[in-house]
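Peer 1: Below you'll find the structure I mean.
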Amino acid sequence: MQAPASQISMESRTALRCAAAFAIVADRQARGDERALAYPPLARRGQEFFVRSSAQAMDASGLDRNAVAAELQAEAARLVDAQNKTGKGGKDTLDMVMPPCLLLLEASGL
């Protein structure tokens, strides 16, 4: 039986949020977005963090791959929607999320 998404721990939810942020930034870096290029390259390290965080969330919560993928998509949508509401100028949600997420990435040893 699949566990409800609400059973995802705060630690796993934070890691999934960072994984989604890394995926967004890595995609924008690949497209040459200047704001995204201000961050360290995330294509390889961010992808590995994404994979490990997803696996850890599945193990810890009992959710299957599809449920974790849905959580990641929802998190990415929240980040993008929040950015769209703030517009192109100024500090957006992604900019606020990235510093602690980069610390989490460093702490992961990746």
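Peer 1: Show me, bin by bin at 5 Å from 0, the whole-percent P(r) of the chain based on Cα pairs.
Peer 2: Distribution as computed: 2, 13, 23, 24, 19, 11, 6, 2, 0, 0 percent.
Peer 1: Another question, then. Report, in debye and to the nearest 20, how large the dipole of the chain comes out about its Cα centre when Lys and Arg carry +1 and Asp and Glu carry -1 on their Cβ.
Peer 2: That gives a dipole near 220 debye.
Any read-out appearing in this document is the output of simple, stated calculations on the displayed coordinates, not a laboratory observation. Computed from a predicted model, the values in this text were never measured in an experiment. Cβ: placed from backbone, ideal geometry, glycine included. Neighbour counts: every protein chain shown.
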